[in-house]
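The values are calculated or read from the model by the stated rules, or taken from the named source; none is laboratory data. Being a predicted model, the structure only gives us computed values, none of them experimental. Don't worry about glycine lacking a Cβ; one is built from the backbone with ideal geometry, like all the others, and counts go over all protein chains shown.
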Amino acid sequence: MEYEEFLEKKKIVDVPTGITKELELNKNLFPFQHDIVKWALKRGRACIFSECGTGKTIMQLSWADKVAEYTNGSIIIISPLAVSAQTIKEGEKFGINVSLLTEENKYQKGIYITNYEKIHKYTLSNFDGVVLDESSILKSYTGRFRTDIIENTRTIKFRLACTATPAPNDFTELGNHSEFMGVMTRAEMLAMFFINDAQNKDGDKWRIKGHAESKFFEWVASWAVMVTKPSDIGYEDGKFILPKLNVNHIVIDDNIQPVEGFLFAMEAKTLQERQSARRNSIDIRAKKAAEIANNSDEIFLQWGNLNPECDKMTQLTRGAIQVAGSDKNEVKEERLLGFSDSKYKSLISKPKIAGHGMNWQNCHNIIFVGLSDSYEQYYQAVRRCWRFGQTKEVNVFIVTSKIEGAIVRNIERKEKQAEKMKKEMVKYMHKINEENIKGIKKDETTYVEEVAEGKDWIACRGDTVEIHKKYIKDNSIDYSIFSPPFNSLYTYSNSNRDMGNTKNRTEFYEHYQFLIKEQFRTLKQGRLLSFHCMNLPTSKVNDGYIGIVDFRGLLIKMYQDVGFIYHSEVCIWKNPVTAMVRTKAKGLLHKQLCKDSAASRQGIADYLVTMRKPGENKEPISGGFDHYVGDDDTDIGKGNYSIDVWQRYASPVWMDINQSDTLQYRSARAEKDEKHICPLQLQVIHRALQLWSNENDTVLSPFMGIGSEGYESIKLNRKFIGIELKDSYFNQACENLKMANKEKKELELF
């Protein structure tokens, strides 16, 4: 494979597998809906993340209609309870025939609909297309249920998932949809784009890696479209501008019974205290809710989270009907659809029962008798009424007791967080979605190379493989020393040319081999190359187990496969206490030793591994130096090592390397860098240069970073060539190389 082919293969995109020919779509579609359906049909497997009321139903029906026509087959739509009948009615309105799925008509040609509770009766893989309506509902079911849907639809060519903005306070739920699409598993998505960050100030367990943000949303936009309003993808909002939402917080502080164990009514903090507080205030909250509804002639939608709350509201509210979990499905459907037709003055239920999928624009008054900690339930419950087609301002009344303040604040926090997430997603996906949906050609990111020069050094910004190919001559390098990257996607940059920016170790090794071949070509015969590395800890998320990968050994094998000879290595001691504090590695914790030492391990050392290119070295290395700078030995004169120095250098373990003896690096850290760069210790570079290079030799670093290898090379009278892909590191390296020239000149004055 050519290098450019490999880079193209590295791109993280999902290839369309759908219908490429032009199709005449339903005439009832708005322009933005028409283009979204057209895009989803071309993709074959797609997600439509479209805000409540923006027309998911007509979009999914139009998609199903054309897939049924194209395949001449059977399409199944899976929806929440009671939404089936509503969708059938919507289909009639738009001229699309949808039938309720039964044992008698299953797998026949056409479009059929059922609810999530009934799909165990059918073999999903027998259908030619599948639509998940309100697909975010999957997280409400057991992991086994969700996995069964994903597994049983895996072979279906045409798959569509439709929901409002998924997981409004949790990016990672996108993994459910990615897995359903067959794009990537949830675990792979987390390992690739996210960091497990317990210290995240927003309280989330996972957050997107800094460099991954644009790539993550670009990846999502390759299989999903996100719309909160038509203008998000370049269309006029028109009728989709919603009326005002009025949220009224009603806090009751009369006759509040204290939580068990307290003399006075104190704000509930723990989960147990919150549950107790809700039970103790049911009567007064339900009474207030009924009072609001009874004092109006308009219809009301009333939400509770506990059975006694719903029962009490039903008892006290005039003209109220309740939909309870214990009701038969037929009863639930009749009452939910009856409320759609305004047959009942008040509908009372729980968000987890009726909070998904129903369209109740006929109602503009909503009452919550308290809140749970689920923002999504609150959000979906409000959106039943506050959606496209609503012509009146929507009034939301949240009735809580004063001791439930922590729950209210938690929902408010999640609401702010959700709005922030939506804005970020829309911001990142706006242009990409617009390009995908409208078919606008996207400008490709331009690869740029740059060269800077100084006395005895040349710094190149660009792809190290490309720079080698273009500018480094055969057998021209006397010595090379560097720290190679390792696969850790989006840790340093989001460029496909970044060797560390790979999906897995296999892809990293495949990329790295291109460089090794160039290094073998450009190094002089009989000369040496040294790489600084460590073995890599694994994790359950990335690897499925906790252990260590022999990265050092794998690199050695790769260099040997190209033709290098394994010359030598030295182990560099590292303080395990420092590593424990920095990484919080489970195996280094003392409490793990006390709990079960089978999971305890030693710290992970660094290695300087040296490889040799076969052939005769035509320029013997003198093994000496003019001046000793940067290590802790005294100047011992030119041309000789003292026995003491040589014994320390010849030791298989260097115990005396100062881990903090590095170039200053913070000024090279870009705003969204995930980790501090780890420049190689100057003492290690210094010793290696003394051992394996002569004055005036050309030393090369293919991963220059901030220029540590060049800094030492210049001070030891070597010539240096460095290559670095990342702008901020390249710029800092140039400054450090200039500093080396200055310091060397100052030393020569004395």
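Give the number of residues within region 713-734 that are farther than 21 Å from Gln519 by Cα and part of a helix (DSSP H, G or I).
Total satisfying the criteria: 9.
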**Q.** Asn395 vs. criteria touching a strand residue (DSSP E or B) at 6+ places or on another chain (Cβ under 6 Å) and either in a strand (DSSP E or B) or at pLDDT 95 or above (or both)
**A.** yes
Q) Do we have Glu748 as within 27 Å of Arg497 (Cα to Cα) and either acidic (Asp, Glu) or surrounded by fewer than 24 Cβ atoms within 10 Å (Cβ to Cβ) (or both) here? A) no
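Looking at Ile367, is it more than 24 Å from Thr54 (Cβ to Cβ), touching a Ser or Thr at 6+ places or on another chain (Cβ under 6 Å) and either of a type in the set (S, T, N, Q) or not in a loop (DSSP other than H, G, I, E, B) (or both)?
no
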Q) Does region 379-401 include one or more residues that are more than 26 Å from His364 (Cβ to Cβ) and among the basic types (Lys, Arg)? A) no
Q: Mind listing just one residue for me: the one in region 437-458 that is among the hydrophobic types (A, V, I, L, M, F, W, C) and within 34 Å of the chain's Cα centre (by Cα) and, of those, modelled with the highest pLDDT?
A: Val448
Q | Flag for Ser231 being assigned to a helix (DSSP H, G or I) and at pLDDT 85 or above | A | yes
Q. Does Asn501 count as in the same structural domain as Tyr711 (by TED's automatic domain parsing) and surrounded by fewer than 22 Cβ atoms within 10 Å (Cβ to Cβ)?
A. no
(Q) So the check is Cβ under 6 Å with 6+ separation or different chains; which pairs have a first residue in region 485-500 that's within 11 Å of Lys10 (Cβ to Cβ) and at pLDDT below 85 and a second one that's part of a loop (DSSP other than H, G, I, E, B) and not β-branched (Val, Ile, Thr)? (A) Leu489/Asn501
(Q) All but one of (1) of a type outside the set (Asp, Glu); (2) closer than 20 Å to Leu689 by Cα; (3) in contact with a helix residue (DSSP H, G or I) (Cβ under 8 Å, 6 or more places away or on another chain) hold for Lys745; state the number of the condition that does not hold. (A) (3)
Q: Check region 77-93 and report whether any residue there is out of contact with any Asp or Glu (no Cβ under 6 Å at 6 or more places or on another chain), hydroxyl-bearing (Ser, Thr, Tyr) and more than 21 Å from Ser136 (Cα to Cα).
A: no
Q) Of the numbered conditions (1) more than 28 Å from Glu8 (Cβ to Cβ); (2) in contact with a helix residue (DSSP H, G or I) (Cβ under 9 Å, 6 or more places away or on another chain), Asn504 satisfies every one except a single condition; which is it? A) (1)
Q: Exactly one condition in (1) touching a helix residue (DSSP H, G or I) at 6+ places or on another chain (Cβ under 6 Å); (2) farther than 21 Å from Pro80 by Cα; (3) among the small types (Gly, Ala, Ser) is not met by Gly319; state its number.
A: (1)
Q: Quick one: which strands (runs of 3 or more DSSP E) lie wholly within region 509-621 and hold at least 2 residues that are surrounded by fewer than 17 Cβ atoms within 10 Å (Cβ to Cβ), touching a Lys or Arg at 6+ places or on another chain (Cβ under 8 Å) and assigned by TED's automatic domain parsing to the domain that holds Asp463?
A: 523-534, 565-572
**Q.** Residue count for region 243-261, restricted to those that are modelled with pLDDT of 85 or more and crowded, with 19+ Cβ neighbours inside 10 Å
**A.** 0
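Looking at the structure I just gave you, is Ser600 polar (S, T, N, Q) and modelled with pLDDT of 75 or more?
Taking the combined requirement at face value, the residue satisfies it.
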